[in-house]
1. First select every other residue whose beta carbon is under 14 angstrom from the beta carbon of K41; then total the charges, Lys and Arg +1, Asp and Glu -1.
2. Test of understanding: what is the full-extension gain from K2 to D25, defined as 0.36 nm times their sequence separation minus their Cα-Cα distance?
3. Between A53 and D14, what is 0.36 nm times their sequence separation minus the Cα-Cα distance? Round to one decimal in nm.
4. Just give me a number: lysine pairs in the chain, eight or more positions apart or cross-chain, with C-alpha atoms less than 17 Å apart.
5. By count of other Cβ within 10 Å, fewest leading, how are R28, R36 ordered?
6. Filter the GluC sites (Glu not before Pro) in region 3-56 to those in DSSP coil with at most 14 other Cβ atoms within 10 Å of their Cβ, and list the result.
Amino acid sequence: MKLITIVKEGESIDKVLKRYKKKFDQARIMKELRERQQYIKPSEIRRNKIIKAKYKERIKLIQEEEL
């Protein structure tokens, strides 16, 4: 995957780097590389999704109770 960032005339390097980093984050390249470092079984992925959903629901309920 190529990430091309065009540098406009008179534009500072800081701005260009900021745009490049934003594109890089949106492309989720690092996340994909980390996921490919080891194989995760589909059943484990489903189990982790369920655990994550339960956690989010619990946090949401706690925040609602505080209000």
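Laboratory data are not the source of any read-out in this text; all were calculated from the coordinates shown. What you are looking at is a predicted structure, and each value in this text was computed from that prediction instead of being measured. Positions of Cβ are backbone-derived with ideal geometry, glycine not excepted, and every protein chain shown enters the neighbour counts.
1. +1
2. Contour length minus the Cα-Cα distance gives 7.0 nm.
3. Using 0.36 nm per residue and subtracting the Cα-Cα distance, I get 10.2 nm.
4. Eligible lysine pairs with Cα atoms under 17 Å apart amount to 18.
5. R36, R28
6. Qualifying residues, ordered by number: E9, E11.
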